[in-house]
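What follows is calculated from the coordinates using simple rules that are stated; it is not laboratory data. Nothing here was measured: the structure is a model prediction, and the numbers come from that model. Methodologically, a virtual Cβ is constructed for each residue, glycine included, from the backbone with ideal geometry; neighbour enumeration extends over all protein chains shown.
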Amino acid sequence: MRILVVDDDPEIIGLLRRGLSYEGYTVETAADGTEALAKARDHEPDLVILDIMMPGIDGLEVSKRLRQGSDVPILMLTARGSVTDIVTGLGSGADDYLVKPFAFDELLARVKALLRRRQPQEGEVLRFSDLSLNTAAREVKRGKDIIALTTQEFDLLELFMRNPRQVLKRERIYERVWGYDFGGESNVIEVYIRYLRAKLEAGGGPRLIHTIRGVGYVLKE
């Protein structure tokens with residue numbers, strides 16, 4: 001697996017190159033957005049780890065441009081950690097978001113989770129109300145409209161559609177979708193739910209993902 005690491009901090013570049021290479025990944029690096037886009041085009045990485053604050057083309061614009069022609073998983077790695085920053089980062093096309101300073105073990109867990117979900121699997125079509133989800137093609141439709149989802153949004157919706165009308169606690173969602181425990185302090189799940197709802201309801205359809213305050217979320221009519 002080839003990973004492209006994009007950051008203008010030489011220490012971060014060195015840390016990730018050493019750590020990811022030790023884990024068996026082939027690592028390409030870039031120090032700015034222009035170089036990142038060129039290397040992504042030439043080397044076709046399996047995953048991109050992307051800083052936001054860089055000279056020239058910033059990480060948000062890089063993410064948007066990558067997403068125009070590729071479904072490569074993008075992990076934002078940045079010092080910006082507010083809810084607004086996370087919403088903006090995911091809105092640019094990123095699949096996951098990690099705030100600096102970070103633990104390498106957590107970053108590695110996220111990398112493995114994103115790459116694991118790109119492996120081909122035997123497909124099936126899940127249906128609920130007017131939603132359909134094709135696990136092999138990774139295609140979602142509401143009625144006849146195709147809905148474009150990021151990797152994590154798709155996996156989150158798949159979890160709901162495999163457990164319709166069941167209240168899913170936050171801890172279970174983190175474990176099943178991200179593959180590890182956030183420790184209960186992250187607001188990432190709320191951001192993903194917000195984006196998923198916006199996309200599912202864009203055509204005017206009624207809300208299907210509901211909040212159960214203090215408990216979690218449920219997919220129901």
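Before moving on, here are some points about what is shown:
- Lysines with Cα under 19 Å of LYS100, excluding same-chain neighbours fewer than 8 positions away: LYS112
- Region 2-116: C-alpha gyration tensor shape, a/c 1.5 cut-off, then a/b vs b/c: rounded
- Nearest-ten-degree value, helix 33-43 long axis tilted from longest Cα axis of the chain: 80 degrees
- Net charge of neighbours whose Cβ lies under 11 Å from the Cβ of HIS43, counting Lys and Arg as +1 and Asp and Glu as -1: -1
- The packing ranking of peptides 108-118, 200-210, highest mean first, is 108-118, 200-210, where packing means the average number of other beta carbon atoms within 10 angstrom of each residue.
- Calculated from backbone phi, Karplus (6.51, -1.76, 1.60) coupling profile of region 157-173 in Hz, x at Gly/Pro: 5, 4, 4, 4, 6, 7, 9, x, 6, 10, 6, 9, 6, 4, 4, 5, 4
- Cα convex hull volume per residue for region 1-56 (Å³): 59 Å³
- The lysines whose alpha-carbon is closer than 22 Å to the alpha-carbon of LYS220, local same-chain residues fewer than 8 away aside, are LYS141, LYS144, LYS169, LYS199.
- For the chain, projected area of the alpha-carbon convex hull averaged over all directions, nm²: 12.0 nm²
- Ranked MET161, MET76, criterion: other C-beta atoms within 10 Å, fewest first: MET161, MET76
- Our helix-only sum for the chain, with -39,500 (n - 2.57) per DSSP H run of n ≥ 4 divided by its residues, gives a mean residue ellipticity at 222 nm of -11500 deg cm²/dmol.
- The residues THR151, THR211, THR29, THR135, when put in order of fewest to most other Cβ atoms within 10 Å, stand as THR211, THR135, THR29, THR151.
- Largest GNM mean-square fluctuation among ASP155, ASP130, ASP58, using the chain with Cα springs under 10 Å: ASP130.
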